[in-house]
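In what follows, a single structure is set out as structure tokens and then discussed.
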Amino acid sequence: GDTVFVNVHNQGNYGFTIHWHGVKQPRNPWFDGPEFITQCPIQPGTNFTYEVILSDEIGTLWWHAHSDWTRGSVQGAFIILPAENETYPFPTPDADQTIILQSWYNGDYKQIIDQALATGIPPRQPDAYAINGNLGDTYGCTNDTIFRMQVDYEKMYLLRIINAAMNEQQFFAITNHTLTVVAQDASYVQRFTSDYILISPGQTMDVLVSANQNVGQYYMATRPFSDASAMPPDNITTGIFQYTNSEGGLNASLITLPARDDTNATNSFINRIRNTNVTQNPPLNVPTGIDRRLFITIATNNVPCNTSQCLLPTRFVASLNNVSFVFPRIDILQAYYNSTGGVFTEDFPLNPPVFYDFTGNLTGFNTIAELGTRAVVLNYGEAVEIVLQATQLGGGGSHPIHLHGFSFYRVGSGSGNFNNETDPSTYNLVDPPLINTIHVPGKGWAALRFFANNPGVWFMHCHFERHSSWGMDTVFIVRNGTTTETSIRPPPSTMPRCPGT
């Protein structure tokens, strides 16, 4: 419920923005942050104050830069405590600990993506993964690079886990300890226990762990999950869950994490997540009568590459409904608010242009995508359903899709091609989780629903950063309602100017 003001000073060498991931910013898209979507970059040597309006979010979110690949190193937790006179809907922990899972590159993030986009080939893989900036003891680094969490015997701890990795979903576990999941994406869920969690880039998860084992030192560990043809490095990164007064080496040195390609472990974990009917959560409000349906296919594609730096005749792009998003040079929100033409069009396709066997063998299938800055326009208050269909075009695999400005209900998921006659009967409309980033399984689909009750311009994109950079993005424009209280707030006078204007 708080409103937070954050004054961001850019002391770097190029423009950037900050996004408050998972904060809905009601009627306040000016401060959402994605570059060239809701604002132009904060230029070097200047500053900009964000107004972050919290509504019903509670628990753990995060903030990160939203320009090029700068989020790889500009990031942090955004923790929303219960309101005054409110408690947690679970036993109050004795302490809490933020754990940020990260990608580690021995190089400059912006140079890596700039070079990849210029040459038309994929950016290189990370050199390691990190826990709170520490690489652990599996890479041959010195021992002082391992993250240690100090705990007391028989105390309960709330872990606030954030996956800030660039392109990797992650398994996470603590050896010999059971994890109790209590929240995801700043919304409480029905408590359940697990030996591990699966968390996608962009997602946050609140987990209870009891220090109830023999006093000692235990590994916490993370490794990637992937069901794509281009696998990330199968590196395990370690931290230490260390009991006070523990002596000697690790009590349990055997790390038990699911295998890198264990889709059963991934799907079984995700399918256990359910909304919980507690007073701290917003009342369950799943749309039933749907006003606007979108069926969106997800793919990696090619387009001709004709610059002097190209290494191949084609370059990699990515698409939603075969449209590869092109970022404009004036932000879409400003263009929409001021009715400036030539910046974007309002004709994003609500269905794929061609229906095919999305999850079948697509050898020889035309992989060329269209380029465009095309938006979806929604009327205020519409009940919206989006079915996201993974395809085998390009590398295939699963995708974490993030929608700005909203939390939405994950009402269904399945394997194969979505069947609009039979699959809706499998939807969970009783207790679907309320999230902001959804796992779309490889060779499968996921369905989400929400009410378009937040006027503004809102970005939707894959949170694999290489895919977003390639164009796996679109924009939802929610028109104003009929009253001032259902309309976009006027822009602040301090918005950064767009380059060249």
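How about the range 45-114: which strands (runs of 3 or more DSSP E) wholly inside it have at least 2 residues that are surrounded by 21 or more Cβ atoms within 10 Å (Cβ to Cβ) and modelled with pLDDT of 95 or more?
47-53, 59-65, 95-104
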Tally time: how many residues in the range 347-373 are open to solvent by less than 50 Å² (accessible area, probe 1.4 Å) and under 24 Å from ASP68 (Cα atoms)? 4
For the range 141-156, indicate whether the set of residues that are touching a residue at least 24 places away in the same chain (Cβ under 8 Å) and touching a helix residue (DSSP H, G or I) at 6+ places or on another chain (Cβ under 9 Å) is non-empty. no
Hey, among ASN13, ASN85, ASN7, which residue is out of contact with any Phe, Trp or Tyr (no Cβ under 9 Å at 6 or more places or on another chain), farther than 30 Å from GLN190 by Cα and of a type in the set (S, T, N, Q)? ASN13
Flagged in the range 351-375 as outside any loop (DSSP other than H, G, I, E, B) and closer than 21 Å to THR314 by Cβ, in numbering order, are ILE368, GLU370, LEU371, GLY372
Mind checking which residues of the range 268-294 are farther than 15 Å from PHE408 by Cα, in a loop (DSSP other than H, G, I, E, B) and not basic (Lys, Arg)? ASN271, ASN277, VAL278, THR279, GLN280, GLY289, ASP291
Touching a helix residue (DSSP H, G or I) at 6+ places or on another chain (Cβ under 8 Å) and of a type in the set (Val, Ile, Thr) - does that describe any residue in the range 313-331? yes
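For residues that are over 17 Å from ARG374 (Cβ atoms) and either aromatic (Phe, Trp, Tyr) or open to solvent by less than 50 Å² (accessible area, probe 1.4 Å) (or both), scanning just the range 297-346, find the one that is nearest to the chain's Cα centre (by Cα).
Filtering first and then ranking leaves THR300.
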Just to be sure, is ASP234 open to solvent by 20 Å² or more (accessible area, probe 1.4 Å), of a type in the set (Asp, Glu) and touching a Lys or Arg at 6+ places or on another chain (Cβ under 7 Å)? yes
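Looking only at the range 483-494, count how many residues are in a loop (DSSP other than H, G, I, E, B), out of contact with any strand residue (DSSP E or B) (no Cβ under 8 Å at 6 or more places or on another chain) and touching a residue at least 24 places away in the same chain (Cβ under 8 Å).
So the count comes out to 3.
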Can you tell me how many residues within the range 225-249 are more than 32 Å from the chain's Cα centre (by Cα) and either farther than 30 Å from MET156 by Cβ or free of Cβ contacts under 8 Å to residues at least 40 places away in the same chain (or both)? 5
Test LEU284 against the stated conditions and say whether it is open to solvent by 30 Å² or more (accessible area, probe 1.4 Å) and in contact with a Cys (Cβ under 7 Å, 6 or more places away or on another chain). no
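Please pick out the residue among VAL377, VAL384 that is more than 30 Å from ILE273 (Cα to Cα) and in contact with an Asp or Glu (Cβ under 9 Å, 6 or more places away or on another chain).
VAL377
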Among the residues of the range 178-190, is there at least one that is free of Cβ contacts under 8 Å to residues at least 60 places away in the same chain, of a type in the set (Asp, Glu), on the phi > 0 side of the Ramachandran plot and assigned to a loop (DSSP other than H, G, I, E, B)? no
Test: residue in the range 120-128 that is assigned to a strand (DSSP E or B) and either open to solvent by 10 Å² or more (accessible area, probe 1.4 Å) or without any contact (Cβ under 8 Å) to a residue 40 or more places away in the chain (or both): no
Which of the residues belonging to the range 202-227 are within 30 Å of ARG466 (Cα to Cα) and part of a loop (DSSP other than H, G, I, E, B)? GLY202, GLN203, SER226, ASP227
Looking at the structure I just gave you, is GLY442 open to solvent by 10 Å² or more (accessible area, probe 1.4 Å) and touching a helix residue (DSSP H, G or I) at 6+ places or on another chain (Cβ under 8 Å)? yes
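The values are calculated or read from the model by the stated rules, or taken from the named source; none is laboratory data. Because the structure is a prediction, the values reported are computed rather than measured. Counting neighbours? That spans all protein chains shown, and the Cβs are built from the backbone with ideal geometry, glycine included. Note: areas computed on protein heavy atoms with side chains; ligands, DNA, RNA excluded. Shrake-Rupley method; radii C 1.70, N 1.55, O 1.52, S 1.80 Å.
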